[in-house]
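A.B. asks: This is the structure, below, for whatever I ask next.
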Amino acid sequence: MATALKDFKWVGTRAVRPDGVEKVTGRAKFGADFSLPGMLIGKVLRSPHAHAKIKSINIEAARTLNGVKAIITGSDFNELPSEWVPAGEVQINFRDLSRSIMARNKVLFEGHPVAAVAATSEIIAREALALIKVEYEILPHVIDVEAAMSPDAPILHEDLFTAGVEPSPKTASNIAKRVDYSSGNIDDGFKEADVIIEKHFTTQPVHQGYIEPHATVASASEDGQCSIWTSTQGQYVVRAYCSEVLQLDISSIRVTPSEIGGGFGGKTTVYLEPLALALSKKAFRPVKMVMSREEVFRSSGPTSGSSMKIKIGARSDGTITAADVELKYQAGAFPGSPIMPGCMCALAPYNISNAKVVGYDVVVNRPKVVAYRAPGAPISEYAVECVINEIATKLNIDPLDIREKNAAKEGTRALYGPQFGAIGYIETLLAARGSNHYKSKLHENQGRGVASGFWFNIGGESCATININTDGTAELVLGNPDIGGSRASLAMIAAEALGIDYNKVHPIISDTSGLGYNFLTGGSRTTFAGGLAVNEAAEDVVRQIRERASKIWDIPEEAVTWEDGFVRPAGTNAGNFEPLSLADVAGMAAKTGGPISGHAQLNAQGAGPGFGTHICDVEVDEETGRVTILRYTVVQDVGKAIHPSYVEGQMQGGASQGIGWALNEEYIYDEEGKLQNAGFLDYRIPVASDLPMIDTIIVEVPNPRHPYGVKGVGEVPIVPPMAAVAGAIADAIGVHLTDLPMSPPRILKELNKKQ
Amino acid sequence: MIYERPNTVSEAVEILSKSHEKKSILAGGTDLLVQMRSGYYRPSHIVDIKNIPEATQIRDDGDTFLVGAGVPGAQLSEHVELIKAWPGVIEAMDLIGSTQIQGRATLGGNLCNASPAADSVPAMIAADATCIIAGPNGYREEKIENVVTAPGVSSIANNEFVVSIRLAKFKTGRADAYLRFIPRTEMDIAVVGAAVCVLIDKKGICLNAKVSLGAVAPTQVVIETAPQILIGTRLDEETLDKLAKAARASCNPIDDKRGTIEYRTSVAGVLTKRAAKIAFDRAGGA
Amino acid sequence: MVKVILTESLAKKYTSGETQITIEANTIQKLFVNLNERYPGINKALNHEGISVVIDGEIFQDALYERLEGVSEICFIPRIGGG
């Protein structure tokens, strides 16, 4: 805490991004930019059906095609036990992961891989795919979450019995899990309420929409050594997953992350990497695989769609007396929706004595969902925030006031157990109220909405190495792919801790062989946990510098102090020596014991929870139902902004994605369960001209568990937008919409109903 | 796959007259290349018309403009006289794609791709434009509304191609406008498109009008009753409501990923009315 | 002595509905042993990779060897990943 209040030289400035020039000049190498001599091109044959039995696969004609070097199908993969096991830091069921990347007896979604081919050219690989004959027996399918839960729904997995229900069900269903949280007594709570709002909400699955499709090159040699170059959020996670799925020693795989063109959670898993490696292990030639945008939509995971019932009661002064929440999340073809965090986050911003949250994890014939920015939270919090807005309207209370009245603060016990520490939720509400935006006037057909959001933020395993060169410059070796500017923020922390110029610190992202295990870039952890590791590695450097200085001056190590980038004798008693800079000491490294290199490896704890509050103004065209976002402000507690521009970028990016989620993004399936809009033309993420400049207000309530006060930033800003936009639309047209996306046809329909 | 780039109209016609299994004319390529890259379509023969002078120039033949079928949108949007004469046609063309696409996309390609949602086609129809078609028997000229016959199908024969589009010159009292509805602000395909061209006298009384809709039927629609609704009026509110009603009545849309029947029909009326107001203002009414 | 807070569903299953338990332990590891002695089977539900331990409000992803001197409250939450 003390350090967090100190004046910093680098931390808090808007330093130039170390990867900036490479990126704006097109030099930066992304996933698809890697090539190796003798490289083959791999392509995937995907299921045209949403749900079908694979009766046979005949690869003979493809195998004999000139130029085809390897073919794999489900039979090339080991059957793994169905259990949730740790993979580094996450829980994963490797049987399901393995089946998700390559179908076995059944295909469970349109786009499910059934075979992959490596050939000397893309054209040959495509021809080979056309020659593979797959015989399917089409089964009835289910796309919608409510339909999947009905007793007569087609069953995806005959061995799936609902967990969390006593007694355990005897028949299989699509409900993988039921979870619940409760406190107090909701019946008593609703009796105390003067107003009760109960609403049903639906949200659509939305894709992370990263601009760079999945791309990978894998190369296996005859001695078992494997290398992978890939676009990922975590090179160590790719290594761990490939080692499990292909049953290889971890040490036999080396993974090098490319620059990454967006991930947002979608690149926390593997799709192509194990396939490319399996093909390469057959052909002993490098294999490159790049997904098309269509493949990204058909077969990589979005986040869950949902069906939710929210009932909230409040006294006439706005005090919330009870909340009853039921959440049904689609998991896609295999269990594992973010229902748990969805349940835990639903009411987290509020102090509610009587609450109950029940959640269901439901499988449907869609691609398996994967993490997307604060996975699970935006869905449940959207519904709860909408109801709170409606209560505020009904009670004629300002929506910020009703939130402040019920806001969680230090000491509030969350429904899921713990008490909050130093959180900054109320501070975001106050900053929102004080903003020029909130004070500004609106015109006809315009409306304003607000909403808040919470996300946990995490720590996890991180390593860092700082090599000090003889000229006093530093090589900073990091283990997390840089998605949101982490090279800059971590180099700034290194410069600050070492007392050297930021421009003398050169950060690089290591392959898996350069550092110990690093959990992936996700959970808003990289600047927080990576920052802890970098700070510790810098402390290790400083310890070595002091030790070298003690040698040079021939005084005890305790008599050497480190301050502002210089070693000095602790006092006149310690000796009368001129201070030495880091560069001075580094220049004499060989003479004083060899290179100076600091290391740190840790499992970061103490991540600070994040809260944000958004304000949105819209104008609704009452004749077409079209919504224009006029003005948007993101307010967020970030602990401490190491690099304010990249913090603002995260806040703006989260809001932009949330606005897309709110207004236009949805998957459109036909009656056969085939996706109709597998491309950016008809899957409508916002384009630049759809959005105003998104304003940001950074609130800094320092995290006492971090030397620079850092809390995670990247995920919270996608939580509030859907409810903020819905609130603004409600304010403009007087109708509280409950289904996403709030697309023009849907709004026009509501307007016509109203008339 | 064979790619050819003839230098003259007759060379092109000669190539087209030979029998080829899957022949494609390449103008800007903003539809064709996307279809090829996505694997949906593989022509066996591509004939690029961008080396043919008549197809790549904007010519003034005295009474009319002849816009080559290979002239990109970016060039049209900088042509002062065309903008003055046909602001609606130019804005329709300019709505297609992005800045990069505008460097390639053409009026001719937009027409011959024969999409019901093509932005420039209703505008050209409302403007009474025609196209010059070259074939083995020489040239013929066809009204734009007679070109698209079904989604993806045109009345241009296999051995013919569109060389240019003919648009009249500026005339006082005449103006056009095009509006489309998309859920976003750009980079999208029309859910509904509405083009209106009006001719008014000095007092603001409508002397003639033509109204065409896109994306509301298998082909572009001409609202046949529009002239009788508009002529003789000052496009007052009541008249425009009648026009909107007529627009809705002429819709025959489908439910698809881009819009519902109900929505398309409703918005067709709204856009027609709004486009008519703009055209009327541009023509000097008010 | 530390206070252990359990969710209602866990309490229903293992502790006859008791959601607050006071128990002696100097490490998390020992806490699991002692809890399991009192409530057989509860160790299986709490002591695995899918659960994070919250010590006085702070979430620990891996807390098995954390010491509990001066700690007043423990609870358990599912491990959080993130995007």
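The values are calculated or read from the model by the stated rules, or taken from the named source; none is laboratory data. For clarity, every value in this text was computed on a predicted model and none was experimentally measured. We place every Cβ from the backbone using ideal geometry, glycine too, and count neighbours over all the protein chains shown. The accessibility values were calculated without ligands, DNA or RNA, using every heavy atom of the protein model including side chains. Shrake-Rupley method; radii C 1.70, N 1.55, O 1.52, S 1.80 Å.
A.B. asks: What longest range of chain A stays clear of loop-exposed GluC sites (Glu not before Pro) (DSSP non-H/G/I/E/B, at most 14 other C-beta within 10 angstrom)?
C.D. replies: The longest such stretch corresponds to A:445-670.
A.B. asks: Follow-up question, since we're still on this one. Based on the Cβ-Cβ distance from A:Asp194 to B:Ser44, what FRET efficiency comes out when R0 is 60 Å, to the nearest 0.05?
C.D. replies: After rounding, the FRET efficiency stands at 0.20.
A.B. asks: For q = 0.27 Å⁻¹, what log10 I(q)/I(0) does segment C:2-78 give under the Debye formula with an equal point scatterer on each alpha carbon and no solvent?
C.D. replies: Treating every Cα as an identical point scatterer, log10 I(q)/I(0) equals -1.59.
A.B. asks: Could you list the residues of segment B:57-75 with an amide nitrogen less than 19 Å from a label point located 7 Å from the Cα of B:Glu141 in the Cα-to-C-beta direction?
C.D. replies: Of the residues in segment B:57-75, B:57-70 have backbone N under 19 Å from the label point off B:Glu141.
A.B. asks: Can I ask one more? I want to check the label-to-label distance for A:Asp501 and A:Asn752. Put each point 7 Å from Cα in the C-beta direction and report it in nm to one decimal.
C.D. replies: My value for the distance between the label points is 6.7 nm.
A.B. asks: Between A:Ser168 and A:Ser150, what length in nm is gained on full extension when 0.36 nm per residue of separation is reduced by their alpha carbon distance?
C.D. replies: Contour length minus Cα-Cα distance gives 4.7 nm.
A.B. asks: So for segment B:29-152, taking the charge dipole from beta-carbon charges (+1 Lys/Arg, -1 Asp/Glu), which of B:Ser38, B:Asn110, B:His79 sits furthest toward the positive end?
C.D. replies: Value: B:Ser38.
A.B. asks: Something else: What FRET efficiency would be calculated for the residue pair A:Glu294, A:Thr572, taking the C-beta separation as r and a Förster radius of 51 Å, to the nearest 0.05?
C.D. replies: 0.10
A.B. asks: Right, next: Please work out how much length the chain gains when fully extended from A:Asn445 to A:Val24, using 0.36 nm per residue of separation minus the C-alpha to C-alpha distance, in nm with one decimal.
C.D. replies: Between A:Asn445 and A:Val24, full extension yields 147.5 nm more.
A.B. asks: A further question on this structure: List every residue whose amide H lies under 5 Å from the amide H of A:Leu45, counting only residues 5 or more places away in sequence or on a different chain, with H placed 1.01 Å from N in the peptide plane.
C.D. replies: The answer is A:Val114, A:Ala115, A:Ala116, A:Val117.
A.B. asks: Related question: In segment B:57-141, which GluC sites (Glu not before Pro) are in a loop and have at most 12 other Cβ atoms within 10 Å, using DSSP for the loop call?
C.D. replies: B:Glu78
A.B. asks: Okay, next question. So, for chain A, what is the accessible surface per residue at a probe of 1.4 Å, expressed in square angstrom?
C.D. replies: Accessible area per residue: 35 Å².
A.B. asks: Farthest toward the dipole's positive end in chain A, which of A:Thr412, A:Pro692, A:Gly727, given Cβ charges of +1 (Lys, Arg) and -1 (Asp, Glu) about the Cα centre?
C.D. replies: A:Pro692
A.B. asks: DSSP loop chymotrypsin sites (Phe, Trp or Tyr not before Pro) in segment C:1-67 with at most 16 other Cβ atoms within 10 Å of their Cβ, which ones?
C.D. replies: C:Tyr65
A.B. asks: What is the magnitude of the charge dipole of segment A:326-453 about its Cα centre, with +1 placed on the Cβ of each Lys and Arg, -1 on the Cβ of each Asp and Glu, and no other charges, expressed in debye to the nearest 20?
C.D. replies: Charge dipole, segment A:326-453, about its Cα centre: 120 debye, nearest 20.
A.B. asks: Let me make sure I get this right: for segment A:1-134, a, b and c are the square roots of the gyration tensor eigenvalues over alpha carbons, sorted descending. Under 1.5 in a/c it's rounded, otherwise prolate if a/b > b/c, else oblate. Which is it?
C.D. replies: oblate
A.B. asks: Here's a follow-up. Hey, what do the phi angles of segment A:505-511 turn into as Karplus ³J(HN,Hα) couplings, whole Hz, using 6.51/-1.76/1.60 and θ = phi - 60°, x for Gly and Pro?
C.D. replies: 9, 10, x, 10, 9, 7, 6
A.B. asks: Using θ = phi - 60° and the Karplus relation 6.51 cos²θ - 1.76 cosθ + 1.60, list the HN-Hα couplings for segment B:44-52 in order, rounded to whole Hz, with x at every Gly or Pro.
C.D. replies: 8, 9, 10, 10, 8, 9, 7, 9, 9
A.B. asks: A follow-up question, please. Are any of the pairs A:Lys29/B:Lys257; A:Lys133/B:Lys23; B:Lys50/B:Lys169; B:Lys143/B:Lys169 more than 27 Å apart by Cα-Cα distance, and if so, which?
C.D. replies: Distance filter (> 27 Å) returns A:Lys29/B:Lys257; A:Lys133/B:Lys23.
A.B. asks: Would you work out what percent of the accessible area of chain A, with all protein chains in place, is carbon or sulfur (probe 1.4 Å)?
C.D. replies: 50
A.B. asks: Follow-up. With a 1.4 Å probe on protein heavy atoms only, tell me which residues of segment A:425-470 lose at least 30 Å² of accessible surface in the complex relative to the chain by itself.
C.D. replies: Listed in order, they are A:Phe456, A:Ile458.
A.B. asks: Non-local amide H neighbours of A:Val699 (under 5 Å, H modeled in plane, Pro and chain starts lacking H): which ones?
C.D. replies: For A:Val699, whose amide H was placed from the backbone, the distant partners under 5 Å are A:Gln636, A:Asp637, A:Val638.
A.B. asks: Within chain B, what is the longest stretch that has no trypsin sites (Lys or Arg not before Pro) placed in a DSSP loop and near at most 12 other beta-carbon atoms within 10 Å?
C.D. replies: Counting at most 12 other Cβ atoms within 10 Å as exposed, the longest clean stretch of chain B is B:23-170.
A.B. asks: Another one. Per the helix-only calculation at 222 nm, which mean residue ellipticity applies to chain B, given -39500 (n - 2.57) for every DSSP H run of n ≥ 4 and division by its residues, nearest 500 deg cm²/dmol?
C.D. replies: The per-residue figure over chain B is -8500 deg cm²/dmol.
A.B. asks: If r is the Cβ-Cβ distance from C:Lys12 to A:Glu563 and R0 is 56 Å, what FRET efficiency results, to the nearest 0.05?
C.D. replies: Calculated transfer efficiency: 0.45.
A.B. asks: Report, in debye and to the nearest 20, how large the dipole of the protein assembly as shown comes out about its Cα centre when Lys and Arg carry +1 and Asp and Glu carry -1 on their Cβ.
C.D. replies: So the dipole magnitude of the protein assembly as shown works out to roughly 1480 debye.
A.B. asks: Can you give the net charge of the other residues whose Cβ lies under 13 Å from the Cβ of C:Ser16, counting K and R as +1 and D and E as -1?
C.D. replies: Here the charged neighbours net out to +1.
A.B. asks: Starting from the Cα of C:Glu37, step 7 Å along the direction of its Cβ; do the same at B:Ala74; then give the gap between the two resulting points in nm.
C.D. replies: 8.0
A.B. asks: Strictly over 27 Å apart at the Cα level, which of A:Lys309/C:Lys12; A:Lys309/C:Lys44; A:Lys43/A:Lys368 would you flag in this model?
C.D. replies: From A:Lys309/C:Lys12; A:Lys309/C:Lys44; A:Lys43/A:Lys368, over 27 Å: A:Lys309/C:Lys44.
A.B. asks: Another question, then. Quick check on the protein assembly as shown: of the DSSP beta bridges with both residues there, what percent are antiparallel, nearest 5%?
C.D. replies: If we restrict to bridges inside the protein assembly as shown, about 80 percent are antiparallel.
A.B. asks: Using the Karplus curve 6.51 cos²θ - 1.76 cosθ + 1.60 with θ = phi - 60°, work out ³J(HN,Hα) for each residue of segment A:179-188 in order, rounded to whole Hz, and write x for Gly and Pro.
C.D. replies: So the Karplus estimates, Gly and Pro as x, are 10, 8, 10, 8, 8, x, 9, 5, 4, 4 Hz.
A.B. asks: Nearest 5 percent is fine: what portion of the DSSP beta bridges confined to segment B:2-168 is antiparallel?
C.D. replies: Within segment B:2-168, antiparallel bridges account for around 75 percent of the total.
A.B. asks: Please name which of A:Leu490, A:Ser292, A:Cys386 has its Cα lying farthest along the dipole of chain A towards the positive end, using unit charges on Cβ (Lys, Arg +1; Asp, Glu -1) and the Cα centre as origin.
C.D. replies: In chain A, that residue is A:Ser292.
A.B. asks: When the helix-only estimate is applied to chain A (DSSP H runs of n ≥ 4, each -39,500 (n - 2.57), divided by the residue count), what is the mean residue ellipticity at 222 nm, nearest 500 deg cm²/dmol?
C.D. replies: Per the formula, -8500 deg cm²/dmol.
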